[in-house]
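Reviewing the structure listed below.
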Amino acid sequence: MDHADALARLRLARTEGIGPLTFRKLIARHRDGAAALAALPALGAGRAAPFRPPSEAEARQEAAALAKRGGRFVFLDDPLYPPLLARLPDAPPVLAVLGDASLLAAPSVAVVGARNASAAGRRIAEELAESLAQAGLAVVSGLARGIDTAAHEGALRTGGTVAVLPGGVDRPYPPENVALAERIAARGAVVSEAPLGTVATNRHFPKRNRIVAGLCLGVVVVEAAHRSGTLITARLALEQGREIFAVPGSPLDPRCRGSNDLLRQGAHLVETATDVLEHLPEAPREAPLFAPRNHPDPEETEPEGLGPPPEGPGEVLELIGLSPVSVDEVLRRCHLTAPELQAVLTDLELEGRVALLPGHRVVRSANG
């Protein structure tokens, strides 16, 4: 990918209203960032407000700021893009990476848990991460207080770790982990889909959690209360077909109720790293994200599977309400194939009638 194409893709990814599914479809159809940008006016003709991508100067400024920090962008069809994450329908179009970008494609395990973790929980997380990293796995976590911090610290002793941030890679959260983020960037990788300068807010954390889950072969939960962000990560991992592990805790400790409940639901019980290694699947072989176009056909407008569906969007829109619903649930109840449904949802998103949410969910817009 040349520099001009990378800037065009960055502008496309940073365009308000262009979600991950829409980005994927546009690049699959046009294979070129500039061509995809040129298609935006026609695609947004039915919207109340036209698409307004950032200027080339703004994109250059963000790229230069990231390069000054020693980072780089990794785009969805880049060879360095993590293959497991690319399997997600809502995979981030672009990742900003500080440190070793190749670590993103390495076999990895997430170690996550409570922010207000107990001393015992932090010790377990540290020891597990240290042993998993020593076994050659990258340990992924979210740089949060408590278990996440302990997991990163343990992994740094013996191997590599990946910190996924809710805000920009230049705005580590929480502030007390700035020094830890710098150490990880020097010996591992710090990653975010958010633009540089983004300050983490509540809406960014579910997006961060889906990346943590999507990068890994499995997720290990060490202390998690009911209705916690950690359980959201575990649920997303389960939806993505990843292995779920949990460390048992005291039934008297509310910080362990969520992780103990995962064990009741069939998660692998973990006491040592061996319990994780014995049940971790091999990384699947990946087909190319976008089929190569060796002999362009002037009559071809889009790849197979992305053409117009046989039925209109009415049937799909009727199944989507003002409360978020799983795209898989919509697929089960409509008469479309998965690629056809994705095409319909993309068109509905372009029209502003639905919003595609993290976790492979969709909701009808207020004007839908």
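Only one entry in Val221, Val212 is out of contact with any Lys or Arg (no Cβ under 8 Å at 6 or more places or on another chain), under 15 Å from Ser118 (Cα atoms) and either modelled with pLDDT of 95 or more or open to solvent by less than 10 Å² (accessible area, probe 1.4 Å) (or both), namely Val221. If the condition is being over 21 Å from Asn116 (Cα atoms), part of a helix (DSSP H, G or I) and touching a helix residue (DSSP H, G or I) at 6+ places or on another chain (Cβ under 9 Å), then segment 186-209 contributes only Arg187.
Taken over segment 103-130, the criterion of being closer than 27 Å to Ala63 by Cβ and part of a strand (DSSP E or B) is satisfied by Ser108 alone. Identify the residue in segment 224-255 that is part of a loop (DSSP other than H, G, I, E, B) and open to solvent by 70 Å² or more (accessible area, probe 1.4 Å) and, among all such residues, is farthest from Ser326 (Cα to Cα). Within segment 224-255, the match that is farthest from Ser326 (Cα to Cα) is Leu252. Counting only helices (runs of 4 or more DSSP H) wholly contained in segment 275-368, the ones carrying 2 or more residues that are of a type in the set (Val, Ile, Thr), at pLDDT below 80 and not assigned by the TED database to the domain that holds Ala234 occupy 338-350. Among the helices (runs of 4 or more DSSP H) confined to segment 1-102, the ones with at least 1 residues that are surrounded by fewer than 21 Cβ atoms within 10 Å (Cβ to Cβ) and over 24 Å from the mean Cα position of the chain (by Cα) are located at 3-13, 33-38, 40-43, 56-68.
On the stretch given as segment 152-180, residues that are of a type in the set (Gly, Ala, Ser), crowded, with 21+ Cβ neighbours inside 10 Å and without any contact (Cβ under 8 Å) to a residue 60 or more places away in the chain total 4. Taken as a whole, segment 138-151 holds no residue that is open to solvent by 10 Å² or more (accessible area, probe 1.4 Å) and under 19 Å from Lys68 (Cα atoms).
The values are calculated or read from the model by the stated rules, or taken from the named source; none is laboratory data. Since the model is a prediction, treat every value here as computed from it, not as a measurement. Counting neighbours? That spans all protein chains shown, and the Cβs are built from the backbone with ideal geometry, glycine included. Protein only, heavy atoms only, side chains kept; ligands, DNA and RNA dropped before computing areas. Shrake-Rupley method; radii C 1.70, N 1.55, O 1.52, S 1.80 Å.
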